[in-house]
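> Take a look at this one; I'll ask things after.
Throughout, read-outs are computed from the coordinates displayed, never taken from laboratory work. Just so it is clear, the model here is predicted, and its values are computed rather than measured. So basically every Cβ, Gly included, is an ideal-geometry build from the backbone, and we count neighbours across all protein chains shown.
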Amino acid sequence: GTTANGSNDSPVRESARAGSSNGAQRAGLASSLLAYVIPAKPRSAAETQHDERIREALADDPGKEQRIAAMAAGEKLASLEVLRDQRQRVLGYISEAQKERRLEDAASLQASLTDLDVELSLIERSL
């Protein structure tokens with residue numbers, strides 16, 4: 001889509017050109033990037049919490065999109081395969097931890113799942 005300045009660049013690239021670097025601007029950048037990563041639709045409480053974790057992950061590493069954009073297409077495809085496999089494993093681990101009432105483990109694994117989801121979304125979008 002077209003951004004506020006009329007370009008077809010992502011909010012990350014637009015913001016990087018503008019030289020944004022403080023926390024408030026990064027948080028705003030993460031929120032605008034979230035619209036690209038997570039489609040707009042009614043969200044459950046769990047999905048909303050997951051969305052917030054993604055916002056935080058993006059705000060913590062504003063250079064992530066640029067690093068992914070610099071990867072070769074073959075490297076991106078290979079990374080996608082590995083990340084998708086890891087995601088499925090983590091989902092299984094989360095399920096096991098929840099069944100066994102290991103809530104701290106489940107929470108930690110959920111954070112790892114969020115990291116994987118952010119990485120997957122950014123790579124998929126860059127292809």
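> Across segment 84-99, in residue order, what do the Karplus-derived ³J(HN,Hα) couplings come to in whole Hz, using 6.51 cos²θ - 1.76 cosθ + 1.60 with θ = phi - 60° and x for Gly and Pro?
Those phi angles translate into 5, 5, 4, 4, 4, 5, 5, 4, x, 5, 4, 4, 4, 4, 5, 4 Hz.
> What dipole magnitude, in Debye to the nearest 20, does segment 69-127 give about its Cα centre under +1 on Lys/Arg Cβ and -1 on Asp/Glu Cβ?
Its charge dipole is roughly 120 debye.
> In whole angstrom, how far apart do the alpha carbon centroids of segment 101-127 and segment 50-92 sit?
For segment 101-127 versus segment 50-92, the Cα centre distance is 8 Å.
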